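Working notes for the structure below.
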Amino acid sequence: MTINYVGYAGTYTRKTSKGVYRFELDPQSQKLTAVEVAAEVGSPTYVTISDDKRYLFSIAQDGESGGVQAYKIDPKTGKLTKLDEQLTEGKSPCHLSFYKGKLVTGNYHKGEVGLYSFTAEETLVAESFIQHSGSGPHERQEKSHVHFAGFTPERNYVVVCDLGTDELVTYRIAGNQLERHQTLTLKPGSGPRHIVFHPNGKTAYLLTELSSEVIVIDYHAETGSFTEKQTILAKPADFTDTNDASAIHISSDGKFVYTGNRGHNSIALFEVDPKTDKLTFVEFTSTGGEWPRDFVLDPSESFIVASNQHSGNLVLFARDQQTGKLTQLDSVVEVPEVVCVKFLN
């Protein structure tokens, strides 16, 4: 019997969305099904799931306060039960990552990196907040805009993308405090947004929102530092309308990198050179909607689900694991104001 994969979608709740949505992917029928509200919460734009699949964490906004919420996942149904929240005055973060009791956040509006502890009692404790400063030449770089906070492959550092200052920063966690460690300054006006690491732990792929490029970077785990080695365009060279690059993901075999384009409304496919880890562009695939904020490979990596914010839909694609190429399937479901997607299984 084929088992359906359970997924979650984070959204804005500016119009009709209610919060975090749950859905299923039936790999046999190649359909997205069972869309329902999993948790009512204000603008949970990004969600992340613990490695043991027991907990989901989301961004949260409540009136003039923003922060994070924690949920327990029912292992049989995938339903969510709220455990705790930590909210402070001002705009909510835009990104979060979790590993072994530590939740890190990136706040675009505040230009701030946050660290929370998730305790054995299943509560959230706000620990450390670091304010970034600086600016860049682009009109959207009037100040710091932290857009990503995650962990390096060996988990020794927190890595942060600052779109506003064109910086890639690593932090150490010392006790329950963040300590700035290394900074890589990138091309002015590029606007670093998200980063993924190759399974070998030696190479990172950084997506720039403003210049719509992928920067291939050597990662030095012993020092927590980075060295650039390639930059490749992630949108069509002749596309002159506004394009904001969005998400970047890599297949678990390290052979293919995918990036999202808001404006061109596409997913770009790159092939990874097995010797150098550098990228070669392969093709663009339309996301079947408008303004793709994110997409995700399913647990089998035979499918990709794209989330189109402005058209409010999830679109299913078949993925050829040998070539990396995508083919849109006849499966589109409505999720209003959708931003990010994550699978549980």
Report task. State all residues of segment 143-192 that are of a type in the set (Val, Ile, Thr) and outside any loop (DSSP other than H, G, I, E, B); if no residue qualifies, say none. Result -> VAL146, VAL158, VAL159, VAL160, VAL169, THR170, ILE173, THR183, THR185
**Report entry** Criterion (open to solvent by less than 40 Å² (accessible area, probe 1.4 Å), of a type outside the set (A, V, I, L, M) and touching a His at 6+ places or on another chain (Cβ under 6 Å)) met by exactly one of GLY164, GLY136
**Finding:** GLY164
Query raised in the report: In the list GLU40, GLU24, which residue meets the criterion of being of a type in the set (Asp, Glu), within 23 Å of SER307 (Cα to Cα) and under 20 Å from the mean Cα position of the chain (by Cα)?
Result: GLU24
Report task. Please give the number of the condition LYS53 fails out of (1) modelled with pLDDT under 95; (2) on the phi > 0 side of the Ramachandran plot; (3) surrounded by fewer than 19 Cβ atoms within 10 Å (Cβ to Cβ). Result -> (1)
Query - Number of positions in segment 116-133 that are in contact with a Ser or Thr (Cβ under 7 Å, 6 or more places away or on another chain), assigned to a loop (DSSP other than H, G, I, E, B) and either open to solvent by less than 80 Å² (accessible area, probe 1.4 Å) or touching a residue at least 60 places away in the same chain (Cβ under 8 Å) (or both) - result: 1
Query raised in the report: Which one is nearest to SER58 (Cα to Cα), of the residues in segment 3-23 that are in a loop (DSSP other than H, G, I, E, B) and open to solvent by less than 60 Å² (accessible area, probe 1.4 Å)?
Result: TYR12
Query raised in the report: Which one of these is touching a Ser or Thr at 6+ places or on another chain (Cβ under 8 Å), among the hydroxyl-bearing types (Ser, Thr, Tyr) and surrounded by fewer than 20 Cβ atoms within 10 Å (Cβ to Cβ): SER97, SER92?
Result: SER97
Report summary line: For strands (runs of 3 or more DSSP E) lying entirely in segment 193-289, having 1 or more residues that are in contact (Cβ under 8 Å) with a residue 12 or more places away in the chain and open to solvent by 60 Å² or more (accessible area, probe 1.4 Å) picks out 225-233, 266-272, 279-286
Requested in this report: Kindly establish whether SER144 is crowded, with 18+ Cβ neighbours inside 10 Å, at pLDDT 95 or above and either closer than 22 Å to LEU207 by Cβ or among the aliphatic types (A, V, I, L, M) (or both).
Outcome: yes
Requested in this report: Looking for whichever is within 21 Å of the chain's Cα centre (by Cα), modelled with pLDDT of 95 or more and among the β-branched types (Val, Ile, Thr) here; the options are THR227, THR231, THR223. Which one fits?
Outcome: THR231
**Report entry** Hits in segment 167-179 - residues which are open to solvent by 10 Å² or more (accessible area, probe 1.4 Å) and either polar (S, T, N, Q) or touching a strand residue (DSSP E or B) at 6+ places or on another chain (Cβ under 6 Å) (or both)
**Finding:** GLU167, ARG172, ASN176, GLN177, LEU178, GLU179
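The values are calculated or read from the model by the stated rules, or taken from the named source; none is laboratory data. This structure is a prediction, so every number in the text was calculated from the model and none was measured. We place every Cβ from the backbone using ideal geometry, glycine too, and count neighbours over all the protein chains shown. Calculation scope for accessible area: heavy atoms of the full protein, side chains included, ligands and nucleic acids excluded. Shrake-Rupley method; radii C 1.70, N 1.55, O 1.52, S 1.80 Å.
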